[in-house]
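The values are calculated or read from the model by the stated rules, or taken from the named source; none is laboratory data. This structure is a prediction, so every number in the text was calculated from the model and none was measured. Here the Cβ positions follow ideal geometry from the backbone for every residue, glycine too, while neighbour counts run over all protein chains shown.
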Amino acid sequence: MTETLRQTFNRPVIMGNELHYMAEAIAGEKLSGDGPFTKRCHSLLEHELGVQKALLTTSCTHALEIMALLLDIRPGDEVIIPSFTFVSTVNAFVLRGAKPVFADVRLDTLNLDESKLESLVTPHTKAIVPVHYAGVGCEMDAILEIAIRRGVRVVEDNAHGLFGRYKGKYLGTFGALAAQSFHETKNFTCGEGGALLINDPALAERAEIIREKGTNRSRFFRGQVDKYTWVDIGSSYLPSDVLAAFLYAQLENREKIQSHRQKVWVTYQAGLTGWAARHEVQLPFIPVYCEQAYHMFYLLLPTLDIRQAFIAHLRQRGIHSVFHYLPLHLSDMGLQFGGRPGDCPVTERVSDQLVRLPFHNALTEDDQQVIIEAILEFDF
């Protein structure tokens, strides 16, 4: 393993025709959004996932912001969000005036704890936002049952989970809407990018309008109106077709990418299971009815001090590992929304314990053996 790779937690990798397609996009007549490669990405996602409509965005953050606009989130509305997630999940709704209601997560999958969900629903609840952590599906049957019974919309943050499944159904196809990420740390990337998946047909046309700066420009280009104009609120959420060209090449190689990532995940699991059992370290848990997206491999160390010593141990050997989310309810902003220590005890615990191992599309078996051997040397 090269020194560069040994030190790298993540590394974006060319997997096929990325450079060729980017050159083709540059040589074409349209570099801006919704060009030929954007349309190819839309078609691929719609066909493979079976969604009503897919729209590329400049980031997963922007896909989440479009969600909030489509749900007509307003001041006084409440949105239930796991405290153990990235800040974009909550920002999208707070920007529209919503009050975040922070939910705790399960200790096994680190997903939203459905057993605690109903107690958080109030007459002001507008949406529930399950986050499929590490690309492992949340308990969507229970979440949807509660949401339907209480008259609340479900929208998915599926940044980690493209092509993962829950009980045979693709993640991102359960809620009315779902957000995807194509950031450089994700399985499939264009550097910065995202997508909005639309499962409720009633939201499709307005999603196009919001994404096109609040205009009916898409209808104009389809010949449905003779001119386009400002018809709704919106912003500029279209990525360049050059980025879509890079992404399309990645999506074309989805089976190759996922097969490699599965091999990386299984190698970590096989190499670390015995060490983890001896040291009471928790490895990722995948329910039998979930097909994970192989987004990451993490460890839950017994304490914060041990976690920090573990990271330092690997760093000394040139291996870059990282911890993950800090509890949103205890952040500066979370406290302003009423968050208190003890509100989400599992989140507070795993935030101190979790460490992510290097995981990217260029890792080889030799790379991993160096990492695994370094972990096996760590005793406490």
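Here's the yes/no breakdown for (1) surrounded by fewer than 23 Cβ atoms within 10 Å (Cβ to Cβ); (2) β-branched (Val, Ile, Thr):
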{"site": "Glu184", "(1), (2)": "yes, no"}
{"site": "Glu205", "(1), (2)": "yes, no"}
{"site": "Glu212", "(1), (2)": "no, no"}
{"site": "Arg222", "(1), (2)": "yes, no"}
{"site": "Thr229", "(1), (2)": "yes, yes"}
{"site": "Phe246", "(1), (2)": "no, no"}
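Residues that are under 17 Å from the mean Cα position of the chain (by Cα), in a loop (DSSP other than H, G, I, E, B) and either modelled with pLDDT of 95 or more or at negative phi (or both) occur in the range 110-120; there is at least one.
Of all the criteria given as (1) in contact with a Gly (Cβ under 8 Å, 6 or more places away or on another chain); (2) among the small types (Gly, Ala, Ser); (3) crowded, with 22+ Cβ neighbours inside 10 Å, the one not satisfied by Gly76 is (3). Scanning the range 326-380 for residues that are among the polar types (S, T, N, Q), over 24 Å from His313 (Cα atoms) and touching a Phe, Trp or Tyr at 6+ places or on another chain (Cβ under 7 Å) turns up just one, Thr347. Identify, please: which residue in the range 158-213 is small (Gly, Ala, Ser) and not in a loop (DSSP other than H, G, I, E, B) and is, among those, farthest from the chain's Cα centre (by Cα)? Out of the qualifying residues, it is Ala202.
When restricted to residues that are part of a loop (DSSP other than H, G, I, E, B), among the β-branched types (Val, Ile, Thr) and over 21 Å from Ile286 (Cβ atoms), the range 121-143 contains 3. With the condition kept exactly as written, say whether any residue in the range 4-22 is buried (at least 18 other Cβ atoms within 10 Å of the Cβ), part of a helix (DSSP H, G or I) and at pLDDT below 95. The answer is yes; a qualifying residue exists. For the residues Ala68, Ala63, the requirement of being touching a strand residue (DSSP E or B) at 6+ places or on another chain (Cβ under 6 Å), surrounded by 20 or more Cβ atoms within 10 Å (Cβ to Cβ) and in a helix (DSSP H, G or I) singles out Ala63. Return yes or no: is Ile148 without any contact (Cβ under 8 Å) to a residue 24 or more places away in the chain and within 23 Å of Arg74 (Cβ to Cβ)? When the stated conditions are applied, Ile148 passes them.
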